[in-house]
Amino acid sequence: MKAKVLVEGLELHAYHGWHPHEGEFGQPYAIDIELLTDVGRAASSDHLSHALDYQVIVETTKGLFIGTRHKLVERAGVELARGLMTRFPDVQEVMVRVRKLKPPIPERIGAVGVELRLTRDEFARGD
């Protein structure tokens, strides 16, 4: 049985950005993740060891997203998706949405960012 495992609204402070002050002071980001996987075994056994552990997903995301600085949110999002695919080999597709909550834009704006999907086949090809 396929299902999406969700992590929504994870807020992290990171140092991505094109402008020097973004790399120096950082800024808040919101991250949403969907991991497409088979949940049949976990649903049948009702045991955490057969499921994707949300805490492990969050810790992995935090390490990947904060661990390396990127100038573009697009690059940060792609590297996060690739890292999640590497860490969770049973996942068939990853959707990542990365939003800068305080972008360096003078107009009043809620957020800017990128949303992307990476399938296992694309990951295997190096896309």
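Numbers at a glance
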{"quantity": "Straight-distance crosslink candidates among aspartates and glutamates, where the alpha carbon sits under 14 Å from K62 and sequence neighbours closer than 8 are dropped", "calculated": "E8, E11, D32, E79"}
{"quantity": "Using alpha-carbon coordinates, inclination of helix 54-67 to the longest axis of the chain, degrees", "calculated": "30 degrees"}
{"quantity": "Whole-number percent relative contact order across the chain, with pairs defined as alpha carbons under 8 Å at least 6 apart", "calculated": "26 percent"}
{"quantity": "Helix 73-87 vs. the chain, principal-axis angle (Cα, 0 to 90°, nearest 10)", "calculated": "20 degrees"}
{"quantity": "Counted charge near V58, where neighbours are those whose Cβ lies closer than 13 Å (Asp, Glu -1; Lys, Arg +1)", "calculated": "-3"}
{"quantity": "Local net charge near T68, Cβ-Cβ under 15 Å (Lys/Arg +1, Asp/Glu -1)", "calculated": "+3"}
{"quantity": "Neighbour cut-off at most 11 other Cβ (10 Å), DSSP loop, trypsin sites (Lys or Arg not before Pro), segment 24-127", "calculated": "R108"}
{"quantity": "Percent of alpha-carbon pairs separated by more than 27 Å within the chain", "calculated": "22 percent"}
{"quantity": "Ranked list, fewest to most other Cβ atoms within 10 Å of each Cβ, for H50, H16, H21", "calculated": "H21, H50, H16"}
{"quantity": "Long pairs among K4/K102; K71/K102; K4/K71, criterion Cα-Cα beyond 23 Å", "calculated": "K4/K102; K4/K71"}
{"quantity": "For segment 12-19, Karplus couplings with θ = phi - 60° (6.51, -1.76, 1.60), whole Hz, Gly/Pro x", "calculated": "9, 9, 9, 10, 7, x, 7, 7"}
{"quantity": "Filtered chymotrypsin sites (Phe, Trp or Tyr not before Pro), segment 1-82: DSSP coil and at most 11 other beta carbons within 10 Å", "calculated": "W18"}
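Read the figures in this text as sums done on the coordinates, not as results from a lab. Worth saying up front: this structure is predicted, and the values here are computed from it rather than measured. In this analysis, Cβ positions are derived from the backbone assuming ideal geometry, glycine residues included, and neighbour counts consider all displayed protein chains.
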